[in-house]
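Below is one structure, written out as structure tokens, with a few remarks after it.
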Amino acid sequence: TGAQPTDTVRNILSAQGVLLKKHLLGGVKKGAFSLEEAEKRFQAWLTNKQSATEAIKEKVKDAKVAEAKKRLEAEKEVNKNIAEAVAKKKAEKAAAEAEAAAQAAAEAAPVEEAPAAEAPAAEQNAE
């Protein structure tokens with residue numbers, strides 16, 4: 001029966017349509033159908049195989065696009081959370097600085113008022 005192809009070679013030949021073509025030519029040799037019919041059947045198989053391959057490629061491409069979109073949305077959500085945390089920290093820091101400035105102003109104001117209150121009393125004592 002001759003040399004037997006390995007499994008890998010058989011899969012490659014099958015995917016390329018070589019085995020189907022050989023099978024169809026065997027049918028022509030036996031007189032089951034004409035060469036034109038064999039070619040017609042082979043072309044139909046080839047067209048079907050190509051459309052199936054394109055469908056699979058399109059499905060994989062769509063899955064990759066969907067995955068990339070999903071990762072982008074997740075990254076946007078993470079970035080949004082980080083931005084909110086940073087804004088919150090900045091707001092807390094600004095509030096703390098404003099409170100510290102208000103306390104400093106409050107401490108400075110009574111110190112200025114006290115000498116002003118003592119000054120008229122000192123003037124009255126001088127008279």
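Observations on the structure shown:
- Matching option when the condition is more than 34 Å from the chain's Cα centre (by Cα) and loosely packed, with under 10 Cβ neighbours inside 10 Å, among GLU107, GLU39, GLU99: GLU107
- Neighbours by Cβ (under 6 Å, 6+ apart or cross-chain): first from the range 6-35, on the phi > 0 side of the Ramachandran plot; second part of a helix (DSSP H, G or I) and small (Gly, Ala, Ser): none
- Scanning the range 66-73 for any residue that is over 35 Å from the mean Cα position of the chain (by Cα) and without any contact (Cβ under 8 Å) to a residue 60 or more places away in the chain turns up nothing.
- In this structure, ALA38 qualifies as in contact with a helix residue (DSSP H, G or I) (Cβ under 6 Å, 6 or more places away or on another chain), at pLDDT 95 or above and not aromatic (Phe, Trp, Tyr).
- Where GLN4 falls short, out of the listed (1) surrounded by 10 or more Cβ atoms within 10 Å (Cβ to Cβ); (2) in a loop (DSSP other than H, G, I, E, B); (3) not hydroxyl-bearing (Ser, Thr, Tyr): (1)
- A count restricted to the range 31-70 and to residues that are charged (D, E, K, R) and more than 18 Å from LYS21 (Cβ to Cβ) stands at 10.
The values are calculated or read from the model by the stated rules, or taken from the named source; none is laboratory data. Please read all numbers here as calculations on a predicted model, not as lab measurements. Because the Cβ atoms are built from the backbone with ideal geometry, glycine has one as well, and the counts that use them run over all protein chains shown.
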